[in-house]
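Below is one structure, written out as structure tokens; comments come after it.
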Amino acid sequence: MLRHLIPPTTSRPAALSRAFILFALALGVIGVGDAYANEHDNRTVTVMTQNLYQGTEFGQLQSLVGTNPTLEQALAATSVDYATYVATRFKDRAKQIAAEIAHNKPALVGLQEVATWHRGPFVEKHPFALPSPVSEDFTQALIAALAADGMQYAAVSRHDNNFTLAFPAVTPEGLLAVGMVESGVILARTDLPPGQLKLSNPQSGTYNARPPLFPNSLDPDPPHGFQFTNSWQSIDVKLRGRTFRFITTHLDALIPFGQVSGPQAQELLNGPAHTSLPLVVAGDMNSGPVSAPAAYNTFLTGGLSDTWTAAGLGAPPLTCCHLAPNDLVSDPHATYTEDPDHVFTRGGFSVLGEHLVGNTAPHPAQEPFIWPSDHAGMVATLAIE
């Protein structure tokens with residue numbers, strides 16, 4: 001692998017210097033997200049995937065599926081779920097996620113569960129309508145936290161409205177209409193020297209495979225329920241003269257045994273991943289050798305390579321979901337039980353290293369403790385051959 005990373009025309013001092021850097025990377029002497037390797041070695045690129053956690057799993061609302069609740073029962077459920085989102089304090093979590101990004105300096109970051117929360121006056125005639133005022137935008141909060149750390153990133157590919165959940169909730173301010181729009185986003189660095197990172201052809205889309213409509217008998221407005229879809233985002237990248245396509249996605253977790261996520265993975269292979277360009281696919285697949293393996297296996301049989309195993313690190317790691325009771329992320333002793341997050345490549349890449357971020361709690365844990373997300377982030381440094 002090292003032999004292919006040194007061009008034949010490179011001078012002996014430069015070749016030795018480059019070989020030393022790559023040897024140090026392999027030994028862990030220099031971290032795989034090290035700024036020098038990422039910004040000065042024109043044959044490497046660091047990428048990252050991070051599920052932000054929208055702030056609640058809507059557990060109380062999900063418990064009403066299949067029942068015929070009264071408005072009072074629904075209001076009790078939605079009020080608890082909304083309070084959970086507030087208690088998960090995204091602005092504090094965004095600072096932690098931004099610190100990990102600033103430390104590793106990935107050129108591209110795939111984000112899942114990117115929430116935009118809304119809050120406004122309750123309208124009795126339309127109790128499940130999304131209010132217009134935005135109360136918190138996860139994308140803008142994270143970009144602002146990155147700027148505070150001296151890093152400049154921008155959203156370069158985005159798909160909004162994977163799903164919208166809007167409902168009345170009792171808050172400390174009284175009865176309000178609240179709601180969340182979930183999106184997928186690719187962030188890219190905007191502070192690299194001119195010409196180093198060129199982006200083109202942003203694309204996004206949803207999958208035809210999706211869960212059925214979840215009915216809501218209390219909703220007077222069609223379609224009388226909640227529709228969940230999943231999406232992908234892509235961008236074509238020219239990094240210091242090397243070109244590839246970067247895709248991020250979030251596959252279905254609602255229907256068991258990969259009955260929806262498996263077909264979605266095949267749609268991705270037939271759609272944006274159907275390219276002659278070298279390819280990086282990173283995201284929350286809700287699938288792995290341990291967890292609902294249908295989508296994971298579809299990617300492997302479709303010609304993608306799991307970078308974690310390609311790096312010689314063994315089976316993909318557990319990265320989800322250390323939630324405390326009531327969907328909070330406040331238990332420093334919570335552990336991961338699933339393996340949904342992955343980085344895949346195809347064509348023209350070698351893996352220099354990979355590691356998790358946001359997956360360990362400090363000792364002693366600071367109070368009030370909160371995890372950056374219910375998922376670990378995953379950072380991969382790749383050599384472009």
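The values are calculated or read from the model by the stated rules, or taken from the named source; none is laboratory data. Just so you know, these numbers come straight off a predicted model, no measurement behind them. Here the Cβ is made from the backbone with ideal geometry for all residues, glycine too, and neighbour counts use every protein chain on show. The area values use the complete protein model at the heavy-atom level, side chains included, leaving out ligands, DNA and RNA. Shrake-Rupley method; radii C 1.70, N 1.55, O 1.52, S 1.80 Å.
Tabulated data for the structure shown
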{"item": "Breaking point among (1) crowded, with 17+ Cβ neighbours inside 10 Å; (2) in a loop (DSSP other than H, G, I, E, B), for THR298", "result": "(2)"}
{"item": "Considering residues of the range 255-290 that are open to solvent by 20 Å² or more (accessible area, probe 1.4 Å) and of a type in the set (Gly, Ala, Ser) only, the residue nearest to the chain's Cα centre (by Cα)", "result": "GLY271"}
{"item": "Selection from the range 301-321 of residues that are β-branched (Val, Ile, Thr) and not in a helix (DSSP H, G or I)", "result": "THR319"}
{"item": "Matching residues in the range 352-385 - criterion: being small (Gly, Ala, Ser) and part of a strand (DSSP E or B)", "result": "GLY353, GLY377, ALA380, ALA383"}
{"item": "Single residue of the range 58-97 satisfying the filter (touching a Gly at 6+ places or on another chain (Cβ under 9 Å) and open to solvent by 30 Å² or more (accessible area, probe 1.4 Å)) that is farthest from PRO168 (Cα to Cα)", "result": "GLN96"}
{"item": "Enumeration of residues in the range 208-247 that are open to solvent by less than 60 Å² (accessible area, probe 1.4 Å), over 25 Å from ALA273 (Cα atoms) and outside any loop (DSSP other than H, G, I, E, B)", "result": "PHE214, GLY225, PHE226"}
{"item": "Subset of the range 164-187 [within 10 Å of PHE122 (Cβ to Cβ), of a type in the set (Gly, Ala, Ser) and touching a residue at least 24 places away in the same chain (Cβ under 8 Å)]", "result": "ALA169, ALA177"}
{"item": "Residue within the range 256-279 that is farther than 24 Å from GLN50 by Cβ, free of Cβ contacts under 8 Å to residues at least 40 places away in the same chain and among the hydrophobic types (A, V, I, L, M, F, W, C) present", "result": "yes"}
{"item": "Single condition PRO121 does not satisfy, out of (1) closer than 23 Å to ALA188 by Cβ; (2) open to solvent by 70 Å² or more (accessible area, probe 1.4 Å); (3) touching a residue at least 12 places away in the same chain (Cβ under 8 Å)", "result": "(1)"}
{"item": "Pairs with Cβ under 6 Å, 6+ apart, first in the range 217-246 and of a type in the set (Lys, Arg), second surrounded by fewer than 22 Cβ atoms within 10 Å (Cβ to Cβ) and assigned to a loop (DSSP other than H, G, I, E, B)", "result": "ARG240/ASN42; ARG240/GLN196; ARG245/THR275; ARG245/LEU277"}
{"item": "Odd one out for ASP331, checked against (1) among the charged types (D, E, K, R); (2) touching a residue at least 40 places away in the same chain (Cβ under 8 Å); (3) under 30 Å from PHE90 (Cα atoms); (4) open to solvent by 40 Å² or more (accessible area, probe 1.4 Å)", "result": "(2)"}
{"item": "GLY353 vs. criteria under 21 Å from the mean Cα position of the chain (by Cα), of a type outside the set (A, V, I, L, M, F, W, C), open to solvent by less than 40 Å² (accessible area, probe 1.4 Å) and over 23 Å from LEU52 (Cβ atoms)", "result": "yes"}
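Conditions tested, residue by residue: (1) over 30 Å from LYS105 (Cα atoms); (2) open to solvent by 50 Å² or more (accessible area, probe 1.4 Å); (3) within 15 Å of the chain's Cα centre (by Cα).
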position: VAL134; (1), (2), (3): no, yes, no
position: SER157; (1), (2), (3): no, no, yes
position: ALA166; (1), (2), (3): yes, no, no
position: GLY174; (1), (2), (3): yes, no, no
position: SER183; (1), (2), (3): no, no, yes
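Okay, residues lined up against (1) of a type in the set (Asp, Glu); (2) touching a strand residue (DSSP E or B) at 6+ places or on another chain (Cβ under 9 Å); (3) under 23 Å from ALA98 (Cα atoms); (4) open to solvent by less than 10 Å² (accessible area, probe 1.4 Å):
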site: CYS321; (1), (2), (3), (4): no, yes, yes, no
site: GLU338; (1), (2), (3), (4): yes, yes, no, no
site: GLY348; (1), (2), (3), (4): no, yes, no, no
site: PRO364; (1), (2), (3), (4): no, no, yes, no
site: PRO372; (1), (2), (3), (4): no, yes, yes, no
site: GLY377; (1), (2), (3), (4): no, yes, yes, yes
